[in-house]
Structures are given as structure tokens and as C-alpha cells.
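The values are calculated or read from the model by the stated rules, or taken from the named source; none is laboratory data. Not measured: the values here are computed from a predicted model. Cβ: placed from backbone, ideal geometry, glycine included. Neighbour counts: every protein chain shown. With ligands, DNA and RNA removed, areas are computed over all heavy atoms of the protein, side chains included. Shrake-Rupley method; radii C 1.70, N 1.55, O 1.52, S 1.80 Å.
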Amino acid sequence: MQKKSLQTFLFSVGGIIAMAVLLVMVNFLLAGARQRVDLTQEKAYTLSAGTRAILAKLETPVKIRFYYSQSAASTPQVAGIKTYAKQVEDLLTEYQQAAKGKIILEKYDPKPDSDAEDSARLDGVTAAQLPGGDPFYLGIAVSQLDAKETIPFCAPNREKLLEYDISRAITRVVHPEKPVIGVMSSLPVFGGSANPMMMQMGQRPQPAWALIGELRKDFTVKNVALTADHIDDDIKLLMVIHPKGITDETQFAIDQFVLRGGKLIAFLDANSLVDSRNQQNPMMGQMGGGGSTLDKLLKAWGITFEDKKVVADLNYKMVLGDSNDANAQRPTWLSLTREALNADDIITSQIDNIWYFSGGAFSGTPADGLQETVLLQSSPNSGLVEGFLANLSPESAMKDFKSGGKDLTLALKLTGKFKTAFPHGDPKESAEAHDGATNAPAAPLAPALKESQADTTVILIGDSDLVNDGFTIQDTPTPFGTMRRSLNANLNFTQNAVEQLTGDNNLIGVRSRASLNRPFEVVRKKEAEANQKFQGVVDELQKKAEAAQHRINELQAQKSDQDQRFIVSPEQQAEIAKLQKESVETDKKLRAVKKDLAREVDSLKTRLALWNIFAVPAGVVIGGIFLAVYKRKLTGAK
């Protein structure tokens, strides 16, 4: 018996030792191999196809210098940033492996007063100051021959854009030349100086919009006046943002620019919220900033734009809580999900959350020779409402809302050979000829073009607010300074359009992936159903309350003595009291219905949250119990 126990003991110890040796050998053999499985749906930890395409085209090696203060003390303040630094390092290693020798990765630990720190400074990598005063480096320098691009500090809030930033840096050192983009706008997109009086009160000049900052990283950006009568020949792409008050002469300049083969992206608007905020008169601001269009050009292209009515959509409306109502809804502020975006176009195929603020809609049939591609569209549960009513309040906007039962086009792309919108040539010359002007031009002008010689592209978007910082960016103070976080994919959408029209499509796939999110589509659908369920009751009660108030106003006007403004007959007083009581009761019922609606939506969110939290653990427990019972039955059978 003792001999058997000794054998069992020796076999057990031997087995453990054998397993340990086997484990060490396997780890030793696989140490050089880097394989990992990315189980995320969007493959967030795998290099995108766009990055692989960029790396595959490399002919000359690119050097990446990675600066990371690895030896910095692991205090609680830097624990998070060190974890992120490891992710950055892993991603760079992925680049190195995918490039098959065309990426040379060098890693530095810039300790204070070291050669590595000098190298970081020469490369333009900047240090964040830790709470104790020590510098912390986490930057990347990419170079090829004499070209160099630097990411001064890899901010954690740009984690989703990290791959894009690195791929863009590689692209820029390979192709250092920057195309020229012209930007024309009635809004202060390039920033502006503060009023002298306000500067004395401490007001700082307004910075350029984030969109301009992003474009300047990849392009040479020119400010083109809204009154320009000619677009410079070196401009490859013209971006027009809210061309409010644009003249026929400037539209002619844009017309000739397009006919010369130039690309155009135009952000029109039916009710510019940014413009309304810039109004000096508060009353005018409340009435809205008004619309903008390119009427002459659109007419020639066969397109019509609603520049006074905005799109309201019950399926894509935003829910913005305020102090009075946690579920306050904005039906003219749209949060467009994947269903609203063209899945087949490279500009929109890989993004899924665009916000659209009181914008208009396009309609019409493109002129001969032009092909239309719809990029953004509303749901069938949408319609057009007056823009100035939408600016007053959501309730005002919905007063006359009627669902059209069909999609509305919010953004589109026209491709093909364009014909001029000015068959009689320059409208300025035509006007002078009509007035009998005899002064000859200082220099002979080239004859006006009538049709483009080659295919070109124009993108039209019905909202200009979607590229404003206030609707796209959120600044967050952090120990490493103010960090900017994108609220949506609006800038990605715009940059995708710019890059498609300027020739580099590979970066689109890289950037677009960063905007992927997981909206609560089931919640949205259920909310829409709940709203439809209660909307009829709400409308009926609101009409009843308005009718009561209207009757009260009528009785107030029917006074026996008009000179005594506040005296009414006893009968009228009794009826007014009765109507006021009915009005109060109606308001109570209305509030109760709205509370029921909010309660139903909250209950739905709670059920879904509980399902998401407990479904997987419950499945594991049930599976374990089933497996245990099954094994027990097998053991019992033996």
C-alpha cells in the first residue's frame, strides 16, 4: 500500500515537473513569434487595409523614432499613460512587421539630460510635465530622407486616431508636397481678432476652427474672399462654407473654377445656428441666421436646395436633456446613424455617426452628363419645417410637422462634365455692356468656358454647422493640458471628402475606422415607437389647452366696458374660471403623459442594461450546470 502511494507521489511530481519544462520550452520557442487574436467586431487592434496599402507602396525605408519615458517612476498619476504608451509601442511593432523591412523602428527612453532627450527635442517631441515636475515623453518622429513629420505627444484622447496619425505621418514624408485648398466662407472659420473694447476686458482672439487646423496638417490652406471674382489656378479644391449673400460674380468664378477641372465642396444651410449666434441683435439671433445657397450653379446642375426650411426627423432626432426636461427632444437636430449614410461610397462607408443641425434638403434631377450619389439622407419619418420656427423652440418647429413618408437628401455628390451656369459669360461684363459702359478691361480676359473638358466632382452638403467646433469638438482639461475630443464623425466625414477629391483614398479607411461606435439602435427604435404611441394623446391635449386659452382671450376681449380693461361680466368671469380650471387640468394630464413616456423609455433602457450585464454570466452559469449534470450522468453510467 505504501509502495503504491510512493509511486503515485512520484508520478504526480514527475508530471508537474514535465509540464513545467514543457511550458518553458513552448514559451522559449514562441517568444520570437508575435501572434494575437483580435476578437473586436471592427478589428480595432488590427492594422486597417488602408494602412497596409500605404505600407505596401513604400519603396524607400521609413524611420520611426519612438520616444517614451519608460523609466519614469510608476506613480498613480502616470499609471494610465504608461498603459497607453504600451499600446502605442505595440501598434508601432505591428507597423514594423507589416512593412516587411520598410519600417525601421527605433525606441528611446529620454531620461533627463540624456542624449535621447536631446534627440527628442531635435525631433520636435514635447514633454508633458508630471505633477512632480519631471518631464514625460510620449512622442513619435517619422522621417524619410530629408522629410520629417512629428507627433509631439500621443495624447490618450486620440487613441482611436492613433493609427491614422501614424499613417498620415508616413504618407506625408513619402509625399511631402501639399496640395492647395481654398476656403471661402461668410463665417469666421479662420478665427478673428477680438473687439478692442472686449480685449481690454480680457477677451482673446477667436482661434481658427478645428477643421482648418486639421486641413493645415495635410494641405496648404488659402483664405478666399466671399467676394472673389477669380479662383487662383493653384487651388485644387475649393471649400465653400455658408456662402450667405454670395454674388453672381463670385458664383461665376466658382463656375469657371469647376469647368477648369477644380473640385468643390459646398456646405450650404437653411438655418445657420453659428450665424445666428454671431448676430449683434439678440432678437435677430432668435430669428436665426438665415440660409445660404448657390442658386445659379444649382439650377444649372439640376439641383434644388431648400434654404429656408429645415429637415425634422422623428427617427434621428437628438435627445438633449435640460434643467426642465431630462428627455427634451430636438427633431431638427439629427444624429444620423449608419442607415442614413451611403454604405457604398468610400466617404461614408466606414463612419456611422454624423450630427446634422437644422440643415436643408436637396431635390431635383441632375443635368445631362452628371451622375448623382446620395451621401446622407433622412428617414421616411421626416419632413420640412420652417427654419425660423425651428430656431424658436422644438415645439414651434413641430407645430406644422407632417411626415413626408420618404427619404430627404441631406448631402450628395455630382460627378461628370459640368456645363456653365452663365451661358452669357461673366455677369459683370454683361451688366456693363447692358449699361453701355465703354471702359475696356485693363488686360484681355480669357474667354469664359462653357463646359468642362474632363470629369470633375462637386459635393453638396445641406448644413454648415456640422463643421463648427461647437457642434463637433469637446475640450477637456487634463493633467497634460486641454485635450480635444470629437463628439461625432463630422470632421472625419469632411476630411474623407477632401481626401477623396484630392487623390489619396488610403487614409480614408484608416481615419474612418476611428469613428466607429455602437449606437443603441434598439433603444432608438423603441423610443420612436413609444413616441408614436403617445404623440397622438400629446397632440390632442395640446390642442385642447390651446383652445381653452384661445377662448379665454376671446372672453377677455368681449368686455362690457372697453375703457375698464380688467372688468368682465359675472357670466364671463364664471366661464373664464371654468376654462382656466380645464386648462390647468389639461396641463396636468399633458405632464402625466410625458412622464409616462419618459418612464417607459427609462424602463426600456434599464431592461436592456440588465440584459447586457447579466446575459453572459447567466449563460456561463447555465452552461456549467448543464456540463456538470452531463458528466455526473456519464460517471453514474459507468
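Out of curiosity, is ALA120 in a helix (DSSP H, G or I) and under 18 Å from SER71 (Cβ atoms)? Please lay out each step first, then the result.
Values: in a helix (DSSP H, G or I): yes; under 18 Å from SER71 (Cβ atoms): yes.
Criteria met by ALA120.
Residues of region 381-399 that are within 30 Å of ILE346 (Cβ to Cβ) and open to solvent by 30 Å² or more (accessible area, probe 1.4 Å): LEU384 alone. Pairs meeting the criteria (first residue in region 238-250 and of a type in the set (D, E, K, R), second residue part of a loop (DSSP other than H, G, I, E, B) and surrounded by fewer than 23 Cβ atoms within 10 Å (Cβ to Cβ), beta carbons under 6 Å, at least 6 apart or on different chains) are LYS244/SER186; GLU249/ASP229.
Any chance you could count how many residues in region 205-240 are part of a helix (DSSP H, G or I) and open to solvent by 20 Å² or more (accessible area, probe 1.4 Å)?
First, the residues of region 205-240 that are part of a helix (DSSP H, G or I): 210-218.
Right, trim to open to solvent by 20 Å² or more (accessible area, probe 1.4 Å) and you get 213-214, 216-217.
Number of matching residues: 4.
Looking across region 90-110, just one residue is open to solvent by 30 Å² or more (accessible area, probe 1.4 Å), assigned to a strand (DSSP E or B) and touching a Pro at 6+ places or on another chain (Cβ under 9 Å), and that is ILE104.
Only residues that are aliphatic (A, V, I, L, M) and under 30 Å from the mean Cα position of the chain (by Cα): list them for region 593-611, please. Of everything in region 593-611, those that are aliphatic (A, V, I, L, M) and under 30 Å from the mean Cα position of the chain (by Cα) turn out to be LEU597, ALA598, VAL601, LEU604, LEU608, ALA609, LEU610. Cβ-Cβ distances below 6 Å connect the following pairs, each with a first residue in region 121-137 that is surrounded by fewer than 18 Cβ atoms within 10 Å (Cβ to Cβ), a second residue that is modelled with pLDDT of 90 or more and not in a loop (DSSP other than H, G, I, E, B), and a separation of six or more residues or different chains: GLY124/THR150. One residue stands out among those in region 300-321 that are open to solvent by 30 Å² or more (accessible area, probe 1.4 Å) and at pLDDT 95 or above: the one that is farthest from the chain's Cα centre (by Cα), which is ALA300.
For region 338-362, the set of residues classified as acidic (Asp, Glu) and at pLDDT 85 or above consists of GLU339 only.
Among the residues examined, SER185 qualifies as within 34 Å of the chain's Cα centre (by Cα), among the hydroxyl-bearing types (Ser, Thr, Tyr) and within 30 Å of LEU294 (Cβ to Cβ). Pairing each residue of region 340-353 that is farther than 9 Å from ASN496 by Cβ with any residue that is crowded, with 21+ Cβ neighbours inside 10 Å and not hydrophobic (A, V, I, L, M, F, W, C), provided the two are 6+ apart or on different chains, yields C-beta distances under 6 Å for ALA340/GLN377; LEU341/THR348; ASN342/THR348; ASN353/ASN488. If you check ASP109 against the conditions, is it at pLDDT 90 or above and under 18 Å from ALA79 (Cα atoms)? Against the criterion (at pLDDT 90 or above and under 18 Å from ALA79 (Cα atoms)), ASP109 qualifies.
Among residues of region 86-99 that are under 14 Å from ALA56 (Cβ atoms) and in contact (Cβ under 8 Å) with a residue 60 or more places away in the chain, those with a beta-carbon under 8 Å from a residue that is aliphatic (A, V, I, L, M) and outside any helix (DSSP H, G or I) at least six positions away or on a different chain give the pairs TYR95/LEU47; TYR95/ILE64; TYR95/ILE103; TYR95/LEU105. Residue count for region 580-614 under the criterion of being modelled with pLDDT under 75 and among the hydroxyl-bearing types (Ser, Thr, Tyr): the result is 2. Does THR227 count as of a type in the set (Val, Ile, Thr) and out of contact with any strand residue (DSSP E or B) (no Cβ under 8 Å at 6 or more places or on another chain)? So THR227 fits the description; yes.
Pairs meeting the criteria (first residue in region 390-406 and more than 11 Å from ALA312 (Cβ to Cβ) and at pLDDT 80 or above, second residue of a type outside the set (Ser, Thr, Tyr) and open to solvent by 60 Å² or more (accessible area, probe 1.4 Å), beta carbons under 9 Å, at least 6 apart or on different chains) are GLY405/PRO380; LYS406/PRO380. Look at region 14-41: where a residue is under 20 Å from TYR95 (Cα atoms) and a partner is open to solvent by less than 100 Å² (accessible area, probe 1.4 Å) and modelled with pLDDT under 65, sitting 6+ places away or on another chain with Cβ atoms under 9 Å, you get ASP38/ALA44. Restricting region 136-152 to residues that are of a type outside the set (A, V, I, L, M, F, W, C) and over 19 Å from GLU89 (Cβ atoms), the residue that is modelled with the lowest pLDDT is ASP146.
Would you pick out the residues in region 75-89 that are open to solvent by less than 70 Å² (accessible area, probe 1.4 Å), part of a helix (DSSP H, G or I) and not acidic (Asp, Glu)? Correct list: VAL78, ALA79, GLY80, ILE81, LYS82, TYR84, ALA85, VAL88.
Within region 367-380, which residues are open to solvent by less than 30 Å² (accessible area, probe 1.4 Å) and either part of a strand (DSSP E or B) or modelled with pLDDT under 90 (or both)? Correct list: LEU370, LEU375, LEU376.
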